[in-house]
Amino acid sequence: MSQRQIAFFVDATRCVNCKTCEVACKDANDSGPVRRFRRVRTFEGGEFPNVFAFNLSVACNHCEDPACVRQCPARAYSKRESDGVVVQDPEKCIGCRYCTWVCPYGAPQYDESEGRVRKCNLCVEELDRGGSPACVSSCPLRAIEIGDLDEVASRPGTVMQVVNFPDPSLSRPSIRFRVPKEARDA
Amino acid sequence: MLKHLFRETPLVFLTLAIQLATGMAIATTVAALENQAAIQEVRLVGNFIFSILVVGVSVSLLHLGRPLSAWRALSNFPRSRLSLEIVLTSIFTVLSFFYGWALLWHPYGLAKLLGIASSLVGLATVFVSGLVYRVEGRPIWNSNWIMLSFAGSTACFCAMAMEACRIHYKVAAIVLTGGVVMLIASSALFWFRASDQVRRFSGPWLVAHLISIGIFPVLLLTPNAPFGPLLAIIFLPVGIVLGRYLMLAAAEVGPKF
């Protein structure tokens, strides 16, 4: 268990699906045309007249109990003690793609041309220099933030589970959301 | 879709090789324990086990993006189910080599012990390889139908090997019936678990799978069926292979986050 857990806070009430975060992530990680470490997804639900739709920007959730760390046969994943970031070492990856099966969120992504998997590493190099991940610093509406999990989870109107999101008990993702009231109640 | 499907052919090879080898190990061990007179057949079947496993493991390396780094897959033993499967498969392969050797040079003496060991390790490998597919990221797989399917395939292969070793017909028929029942049950559980999207995709495949695995026992039980045993030997493995491809395809078609 790490001493401190960094978490994402995604404010769906601000996200307009501009995909700036996706582009910034692609640029920062040089992830090529196939892989999308960060993806903005649109979720809909409710019944007329109480319908809702919101956008969520999701990447790796740096789970508290990450399935990738447990199940990667090559130990290519590790969870940092200092901040709980789940880091993937592409050099150790053998390209078995098992992590793409075990991750409930589709975070690890395989590139056939490289023959290995990569994923969001929360821009740890930038983080260690005191900066922010590319997605956080690029979002024009400040819809994505990072912070301590305890602080993020205690913000008013924050939820852990949203419609169509995998059950959080699977791996305890380090992400919290603020979503429209109708989506909270659904 | 088909490109994704055939990319997983190495995994079809590996899982079926493990199940076939386990079935053969059990059949030849039973023959050895019963001091069967059909020693040439038992030797032949027993010595194929090692070759089948070597082919299965070798082909499975093609599934990796970096096959030359495959040795790293042992790094997370025993925490990773995949590492555990690889270790067990390796032990099974080594045991099967010595089992084949013992059958050739020490019929039914040392061979009995090695046969029992190979069979138990083989069963453990089948079990763990089923667990490998119980993953949250692929909801269609996260169910007991996979384990049932793997057990059913193993039983069917075991029954075919028992026929080859000339073990009593009734024993082979019981094992075969059990295997086919398990395969049909796993297909039913799969269907109930599948989403509408997966059902639309898999309907024809499932029908072909069920027809193929259903033909073998019918031909076996029908007296004087023309070309009965030959058709049975063809249709049952075809049905099992179809089922395995369907299992892998369903995960690609089915919902993922």
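The values are calculated or read from the model by the stated rules, or taken from the named source; none is laboratory data. These figures come from a predicted structure and were not determined experimentally. Note that each Cβ is placed from the backbone with ideal geometry, even for glycine, and that neighbours are counted across all protein chains shown.
Values computed for the structure shown
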| read-out | value |
| --- | --- |
| Number of the condition not met by A:I146 [criteria: (1) closer than 16 Å to A:C60 by Cα; (2) in contact with a Pro (Cβ under 8 Å, 6 or more places away or on another chain); (3) within 14 Å of another protein chain (Cβ to nearest Cβ); (4) among the aliphatic types (A, V, I, L, M)] | (3) |
| Cβ pairs under 6 Å, 6+ apart, first in the range B:67-91 and free of Cβ contacts under 8 Å to residues at least 12 places away in the same chain and at the interface with another protein chain (Cβ under 9 Å from one of its Cβ atoms), second part of a loop (DSSP other than H, G, I, E, B) and of a type in the set (F, W, Y) | B:S83/B:F77 |
| Pairs with Cβ under 6 Å, 6+ apart, first in the range B:45-66 and away from every other protein chain (no Cβ under 14 Å) and more than 14 Å from B:T89 (Cβ to Cβ), second crowded, with 20+ Cβ neighbours inside 10 Å and among the polar types (S, T, N, Q) | B:V45/B:T28; B:G46/B:T28 |
| Those residues of the range A:78-90 which are within 12 Å of chain B (Cβ to nearest Cβ) and of a type in the set (G, A, S), in sequence order | A:S78 |
| Residue in the range A:152-164 that is nearest to A:R4 (Cα to Cα), counting only those that are touching a residue at least 40 places away in the same chain (Cβ under 8 Å) and in a loop (DSSP other than H, G, I, E, B) | A:R155 |
| So B:I174, is it surrounded by 15 or more Cβ atoms within 10 Å (Cβ to Cβ), modelled with pLDDT of 85 or more and under 19 Å from the mean Cα position of the chain (by Cα) | no |
| Residue satisfying condition, being free of Cβ contacts under 8 Å to residues at least 60 places away in the same chain, assigned to a helix (DSSP H, G or I) and within 13 Å of chain B (Cβ to nearest Cβ), within set A:C93, A:C99 | A:C99 |
| Members of the range A:165-185 that are in contact with an Asp or Glu (Cβ under 9 Å, 6 or more places away or on another chain) and assigned to a loop (DSSP other than H, G, I, E, B) | A:P166, A:D167, A:S171, A:R172, A:P173, A:S174, A:V179 |
| Unmet requirement for A:R75, which otherwise passes all of (1) closer than 30 Å to A:A183 by Cα; (2) within 11 Å of chain B (Cβ to nearest Cβ); (3) not in a helix (DSSP H, G or I) | (1) |
| Residue in the range B:31-38 that is in a helix (DSSP H, G or I) and surrounded by fewer than 15 Cβ atoms within 10 Å (Cβ to Cβ) present | yes |
| Qualifying positions in the range A:107-123 - surrounded by fewer than 18 Cβ atoms within 10 Å (Cβ to Cβ), facing chain B (nearest Cβ under 9 Å) and either free of Cβ contacts under 8 Å to residues at least 40 places away in the same chain or assigned to a loop (DSSP other than H, G, I, E, B) (or both) | A:E112, A:E114, A:G115 |
| Search result, residues across the range B:52-99 that are under 17 Å from the mean Cα position of the chain (by Cα) and not in a helix (DSSP H, G or I) | none |
| Filter pass, A:F43 being aromatic (F, W, Y), within 12 Å of chain B (Cβ to nearest Cβ) and in contact (Cβ under 8 Å) with a residue 24 or more places away in the chain | yes |
| Residue that is away from chain B (no Cβ under 12 Å), surrounded by fewer than 23 Cβ atoms within 10 Å (Cβ to Cβ) and under 20 Å from A:C63 (Cα atoms), where the choices are A:S169, A:S174, A:S154 | A:S154 |
| Enumeration of residues in the range A:142-156 that are among the basic types (K, R) and within 19 Å of A:N17 (Cα to Cα) | A:R142 |
| Any chance B:I18 is touching a residue at least 40 places away in the same chain (Cβ under 8 Å), in a helix (DSSP H, G or I) and more than 14 Å from chain A (Cβ to nearest Cβ) | yes |
| Matching residues, the range A:124-136, being surrounded by 22 or more Cβ atoms within 10 Å (Cβ to Cβ) and not in a helix (DSSP H, G or I) | A:P133 |
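Residue-wise test of (1) at pLDDT 90 or above; (2) assigned to a helix (DSSP H, G or I); (3) aliphatic (A, V, I, L, M).
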residue: B:V180; (1), (2), (3): yes, yes, yes
residue: B:S187; (1), (2), (3): yes, yes, no
residue: B:L206; (1), (2), (3): yes, yes, yes
residue: B:F216; (1), (2), (3): no, yes, no
residue: B:L230; (1), (2), (3): no, yes, yes
